[in-house]
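We did not get these values from a lab; they are worked out from the coordinates using the rules stated. The structure displayed is predicted, hence computed values, not measured ones. When we count neighbours, we look across all protein chains shown, and the Cβ atoms used for this are built from the backbone with ideal geometry, even at glycine.
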């Protein structure tokens, strides 16, 4: 109920409900009643007024009729509220749904464009409009990409809470964030859930085995993936990394070569081959791969760290230390994130 507003029977706030309930103005009487009706506005007679002036402000109250008309008035008021308020709620819900869709779509576009901070804001606006499991999951992925692992984990928790049957990939994303946030036990528990619920998603299953360092199982999945799609460079790259751990780096390198032949401009493929070459002791070849990766992506902390590590092993300690420091300024955890961690 409106309180403390200037007397203005034609005011806009809650106009439909106000008219239905005949909220009275304070400064009205029989003479004003006639004049007001002549102007087409509402100003009930003094006999029905229950408003009063307090401290110079108009206190608006329902004008309650006398006698038997009370029950009729009450029924009309109740029916009016039941008719009008659901419609207003439906309109508000429709507006919020539209806002959610708009912000969620904008967040996805920003992610694809590499505008992660903008995407983060859009997903936050979407969640404000309508708490949604998928919106929380996408904000979690964005936070994880920005190395904000604690907020990412909180977002994944909320997504799972809202939808207990959420796709297993959300548990996988949470496991990666937990690993990077130094929560190995929680990550292991999530990876077990992924392995049990991955179903026919071989890529997801292979990723879970790799994160758990179960490279023999991962290698079996790699072989199956390559047989299904030999044109996918990431299948060859995955098997290169698995074979480097199960067999030897030398045996793994042909798979890394095949991956790069299929996609020669992918930064991660050069980083991964550089890691395997470094593990095999081919320092100059590894340096070449890390250099190409850095040229493709000048802010690649993995490429910088690789160059610094190779330079150090080649005896260029000062240059190596400078490059490693530069990499850690971009990503303090890079030493633990590079595949195989051969450093």
FRET E, pair residue 314, residue 261, Förster distance 30 Å, beta-carbon r, rounded to 0.05: 0.65
Along the Cα-to-C-beta direction of residue 98, a point sits 7 Å from the Cα; which residues of segment 113-145 have their amide N less than 17 Å from that point? 126, 129-130
Cα gyration tensor shape of segment 265-343, rounded if a/c is under 1.5, else prolate or oblate by comparing a/b with b/c: rounded
Stretchable slack from residue 295 to residue 248, in nm (0.36 nm times residue separation minus alpha-carbon distance): 14.1 nm
Shape call for segment 159-230, from the Cα gyration tensor axes a ≥ b ≥ c (a/c under 1.5 means rounded, otherwise prolate when a/b beats b/c, else oblate), comes out oblate
Measure out, as a whole number of angstrom, how far apart the alpha-carbon centroids of segment 227-280 and segment 173-198 sit. 24 Å
Roughly what would the spin-label model give for residue 188 and residue 163, points 7 Å off Cα along C-beta, in nm? 3.0 nm
Points 7 angstrom from Cα along the Cβ direction at residue 326 and residue 283: gap in nanometres? 1.9 nm
